[in-house]
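Presented below is the structure to which this report refers.
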Amino acid sequence: MYELIVTLIPLFPLLAVLANGLNVLAGYRYSHDIAHRLAWGSILLSFLCSVWVLGQTLAHPDPRTVIVYRWFFGGDLTVNFGFLIDPLTCIMLLVVTGVGFLIHVYSVGYMQGEDGFTRFFVYMNLFMVSMLLLVMGNNYVVLFIGWEGVGLCSYLLIGYYYDRVSAAQAATKAFVVNRIGDAGFLMAIFLIFAHLGTVDYLDVFARAATLDQTATTAIALCLLIGAIGKSAQLPLYTWLPDAMEGPTPVSALIHAATMVTAGVYMIVRNHAIYDLAPDALLLVGVIGAVTALFAATIALVQTDIKRVLAYSTVSQLGLMFLACGVGAYTAAIFHLVTHAFFKALLFLSAGSVIHALSGEQDIRKMGGLWDKIPKTHGVFLIGTAAIAGVPFLSGWWSKDEILGHAFTQGHYVLWALGATAAFCTAFYMSRLLYLTFYGESRLDHEVAHHLHESPTVMIAPLLVLALLSVVGGLIGVIPGGLENGWFHQFLRPVIHAATGNGAAHDELAYVLMGVTTVIGVAGWLLAHYFYKLKPEQPDLLMNRMRGAYTLLLNKYWVDEAYDNAFVEPGKALGRGCDRVDQAGIDRAVVAVEQVTDLSGAGSTWIEKHVIYSGLNVVGYGNHLAARLLRRLQSGLVHHYAAILVGGFVVLVNLIALFLWFQGL
Amino acid sequence: MVPVSAYVMVSAILFVTGLIGVLVRRNFIIVMMSVEIMLNAANINLVAIAYHLDSVAGQIMALFVIAIAAGEAAVGLAIIIVVFRGKLATNVDQINLLKW
């Protein structure tokens, strides 16, 4: 029963993929309505199964392994296709299926009337299958299937509008950059197998302490490379902003709520290894903190509504890495969950804005929308408040916990970077809010004419997510108080590492919460001053600080630097190879061809004049002999009989002669 | 007791009779009959030698020859009828189809 239900969780979306995929291949035997019902219905069933599994895990929090079948084996290696169900998996399951379900429902409204409606849902469900395998796998190989599967679906969905060159390029970029991280992850799996002879989580973690320091650090660093690629951290973050070329529900599901958090999940899952490699862990924290601030500063000046949110995602993922780096794994997962709520909400409501404005994404052409699309405005406001750190909303609890841990663990520089990033976050998110919804309307006339609120099927998921964004943080404080909520108690069996002694720093924790709250509010107020009270102020500041502004607007020229450092040399190498090909290899091929031609002509001459004449002699000889011998054949039976008798007589006489010579 | 050489002599006379019939007669049916005479000459020879050597192998061989002679006669007569219908001829020298 338990095994069956656990197996059903990824199986439901897989069945929907098969059904809808076959429908597309067979030329649409059933309508779009059935296709989307299958899609979100399967996710709903998975969600219900996940809730049941959560209930079982609450009763028995010990990790339970469900082996579906033995996948492959040979020598010392045995890989099972199996699932590991523990509190961490349960949390991820609920986030993935719950948020995934809401986004699927939203997509029904958002994607209505698009070409390839069914194809979209096939990819989305395939993504859900991969993501579920990723979080449920009981060994690194199953994790890797999910890891590559989500990467593939990310590629397919970014390139959903494949007839648009920019979308196709963004998809390729995401795929190639992810490949770098995947190579690191694959090396980590090889190292783990080489040193421990197993790829099962529980075996690896139990025996991790027997590894020497170098091996542990090497494994931790290789895993980190994988996590950096998937979670868009420095220096491999460049694909995520470009990934906004995909439809908005894709950005919400894959590039905000679930797939990009896979790196954080993977590090938390492997915290037994990271705890033994403090150098690698510190690097995780440093990368996270620097990325958080770096991406937040870029977001300050971006003008595309989705790109601001994309850089915000990179920044928030950096905060999660920071939490891992200071050993606050529970805080990282807590922020992962709340971030899934409010970032999905922000992306989906941004999608609702884009939907209302007939595809307009530039916030310089928005403004004054708050009374035109009031429901979208309401949920966007809640999402902004949650991410900016307004007290008692979900983002406030989790972000404060991360920064508090960074401070109490003595990483003051990391804390300062994170706090600055939090300030920038509050600023750019409220800037986004003001430019989109308040002030004068800067809409194009045509766009304003078609302005409309989104349908209920899109608004309803937004309301649920808004509710979660408001109250979602309470799971971290109720019932045990700060850092001792249900969430922390539930995860404690998985994450037994010492993550700071909360009780000893109670007063300090409250002071720090106060500080970060002030920082968040200051960021909001600054944006209020710039974009509400003195709308001319940003331009003045922009002119005064033109250098810094240009630097940020061009995203520190990182894309250009990568282009010049890797892409252009790659292209130059290709051109060089082409030249070698044409000058060297092609010439050689042509020379060989000419030699062959010549020898062919020679052998043709020999054939004509020598071999043919020889053959003709044989032919004419045969012809002549045949002309003589055919006279024997008269066609008359008695001639043949006479020849037969004559031949017989001759034969008998010859034998007699022979015997006589023998002397018999 | 008739000596075996007498049987061989009868067999040889019959065989030569049949052979001459095959070579000199023109009528198709007579030629067929001559072939039968030659086959029976061979049969007498087989049976006589088999008796002389006290072996049944020759007698069994003679039975086979009789069976084959029956088949050969059936096929031969069928060919004669087909040729007769096609060319209205029963003389062998009017038929020269057996060439290149």
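The table for this structure:
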read-out: GluC sites (Glu not before Pro) within segment A:393-449: DSSP coil, no more than 14 neighbouring Cβ in 10 Å; value: A:E440
read-out: Folded to 0 to 90 degrees: helix A:278-299 orientation relative to chain A principal axis, Cα; value: 80 degrees
read-out: Test item: Cα-centred dipole of the protein assembly as shown, Lys/Arg +1 and Asp/Glu -1 on Cβ, debye; value: 2160 debye
read-out: Radius 13 Å from Cβ of A:T198, net charge of other residues (Lys, Arg +1; Asp, Glu -1); value: -2
read-out: Contour excess over end-to-end distance, with Cα ends at A:C577 and A:E536 and 0.36 nm allotted per residue; value: 9.3 nm
read-out: Cα centroid of segment B:1-55 to Cα centroid of segment A:91-152, whole Å; value: 99 Å
read-out: Signed unit charges on C-beta, dipole axis of segment A:1-154, positive-most listed residue A:L134, A:G21, A:L44; value: A:G21
read-out: Low-density loop positions, chymotrypsin sites (Phe, Trp or Tyr not before Pro), segment A:338-415 - DSSP coil, at most 15 other Cβ in 10 Å; value: A:F392
read-out: Positive-end extreme of charge dipole, the protein assembly as shown - chosen from A:A583, B:I79, A:W524 (charges on Cβ); value: B:I79
read-out: Segment A:117-218 shape via C-alpha gyration tensor axes, a/c threshold 1.5; value: oblate
read-out: Helix-derived mean residue ellipticity, 222 nm - over chain A, DSSP H n ≥ 4, -39500 (n - 2.57), to 500; value: -23500 deg cm²/dmol
read-out: Distance between modelled label sites at A:E453 and A:T78, nm, 7 Å Cα→Cβ extension; value: 6.1 nm
read-out: Cα→Cβ-extended label distance, 7 Å offset, between B:V10 and A:L48, nm; value: 10.7 nm
read-out: Relative contact order computed over chain A (Cα-Cα under 8 Å; 6+ residues apart), in percent; value: 11 percent
read-out: Charge dipole magnitude, Cβ of K and R +1, D and E -1 - segment A:218-369, Cα centre, debye nearest 20; value: 160 debye
read-out: Rounded, prolate or oblate (a/c below 1.5 giving rounded, otherwise prolate when a/b exceeds b/c) for chain A by Cα gyration tensor; value: prolate
read-out: Alpha carbon centroid spacing (whole Å) that separates segment A:356-386 from segment A:190-237; value: 43 Å
read-out: Selection from A:Q537, A:P569, A:H195, by position along the positive dipole direction of the protein assembly as shown (Cβ); value: A:P569
read-out: Filter on A:K230/A:K365; A:K230/A:K571; A:K230/A:K532; A:K343/A:K375 - keep pairs with C-alpha separation over 29 Å; value: A:K230/A:K365; A:K230/A:K532
read-out: Around A:M124: net Lys/Arg minus Asp/Glu count, Cβ-Cβ under 14 Å; value: +1
read-out: Around A:L93: net Lys/Arg minus Asp/Glu count, Cβ-Cβ under 14 Å; value: +1
read-out: Spatially proximal aspartates and glutamates relative to B:K87 (Cα-Cα < 14 Å; intrachain offsets below 8 disregarded); value: none
read-out: FRET E, pair A:V617, A:V595, Förster distance 35 Å, beta-carbon r, rounded to 0.05; value: 0.60
read-out: Rounded, prolate or oblate (a/c below 1.5 giving rounded, otherwise prolate when a/b exceeds b/c) for chain B by Cα gyration tensor; value: prolate
read-out: Distance between modelled label sites at B:Y51 and B:A73, nm, 7 Å Cα→Cβ extension; value: 2.2 nm
read-out: Label point 7 Å beyond Cα of A:L202 along Cβ direction - residues of segment A:48-80 with amide nitrogen under 13 Å; value: A:61-68
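No value in this document is a laboratory result; all are computed from the given coordinates. These numbers were taken from a predicted model, which means no experiment stands behind them. Every residue, glycine as well, gets a Cβ built from its backbone with ideal geometry; the counts of neighbours run over all protein chains shown.
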